[in-house]
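Structure first, commentary second.
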Amino acid sequence: MKKGILTLVLVFAVFALQAQRNVDRTNFRAGVNGGLVLGDFAEAYSFSLGVDLYHHWGVSKAIDIGVTTGFSNAFGAKEIVSAGGVTVETEFDNIQFLPVGASIRVYPGKNVGFKFGGDIGYAVGINEGNEGALYYRPSIGIDLRQGTSELNVSYFVVNDEVAFSSVLLGYIFLF
């Protein structure tokens, strides 16, 4: 599975380098994100903070493809359970991922100011007992400051036996 994802990322990169001749919208993007943990992990983890890094190449007037990585940390919550006069306090360790994948962005119209797309790849588990798994992250973004930065909303999912998911609000700088 890991070799397949790496092969997919390399294929995207080769096509992106070839397509760079068509549209010069090549850029490096770096930003931060934060959000709420949803689904199966919502009670054990309160919120998530992360860093995003992208490199995109324009392959047409409407499409960019690229590679992405970053870091995501979900903060463990404290849980207190009382029953029969006994109180037990549990604190969950943070869960951390290093996503590595391919990225695509679609610009639906000329001078529209927004884009949508997604990332897919492998989220490497950083903390102890976290093996990592396939991840995907659909997103929608709006350009700010004449296209030098972006505000986006995304849904980050690491799809293992039990899916880890979070809804994120991010701010990205384009270089």
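The values are calculated or read from the model by the stated rules, or taken from the named source; none is laboratory data. Note that the coordinates shown come from a computational prediction; the quantities given were computed from them, not determined experimentally. Heads up, the Cβs are rebuilt from the backbone with ideal geometry, glycines too, and the neighbour counts pull from every protein chain shown.
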* Does the stretch 67-95 hold any residues that are within 18 Å of the chain's Cα centre (by Cα) and either at positive phi or among the basic types (Lys, Arg) (or both), and which are they? -> GLY70
* Asked: Among the residues of the stretch 138-156, is any under 16 Å from TYR45 (Cβ atoms), modelled with pLDDT under 95 and charged (D, E, K, R)?
  -> no
* Kindly check whether there is at least one residue in the stretch 83-106 that is part of a strand (DSSP E or B), among the acidic types (Asp, Glu) and free of Cβ contacts under 8 Å to residues at least 12 places away in the same chain. => yes
* Asked: Hey, any hits in the stretch 107-125 for a residue that's surrounded by fewer than 18 Cβ atoms within 10 Å (Cβ to Cβ), at pLDDT 95 or above, in a strand (DSSP E or B) and aromatic (Phe, Trp, Tyr)?
  -> yes
* Structure fact -> If you go through VAL100, VAL124, the only one that is of a type in the set (A, V, I, L, M) and more than 17 Å from GLU161 (Cα to Cα) is VAL100
* If you check PHE164 against the conditions, is it over 27 Å from GLY76 (Cβ atoms) and among the aromatic types (Phe, Trp, Tyr)? -> no
* Asked: Among the candidates ALA83, ALA77, ALA62, which residue alone is within 18 Å of GLY141 (Cα to Cα), surrounded by fewer than 17 Cβ atoms within 10 Å (Cβ to Cβ), among the small types (Gly, Ala, Ser) and out of contact with any Cys (no Cβ under 7 Å at 6 or more places or on another chain)?
  -> ALA62
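Report the residue count in the stretch 136-160 for those that are without any contact (Cβ under 8 Å) to a residue 12 or more places away in the chain and assigned to a loop (DSSP other than H, G, I, E, B). Show your work before the answer.
Going through the stretch 136-160, the residues without any contact (Cβ under 8 Å) to a residue 12 or more places away in the chain turn out to be 144-146.
Now narrow it down to the ones that are assigned to a loop (DSSP other than H, G, I, E, B): 145-146.
Adding up the residues that qualify gives 2.
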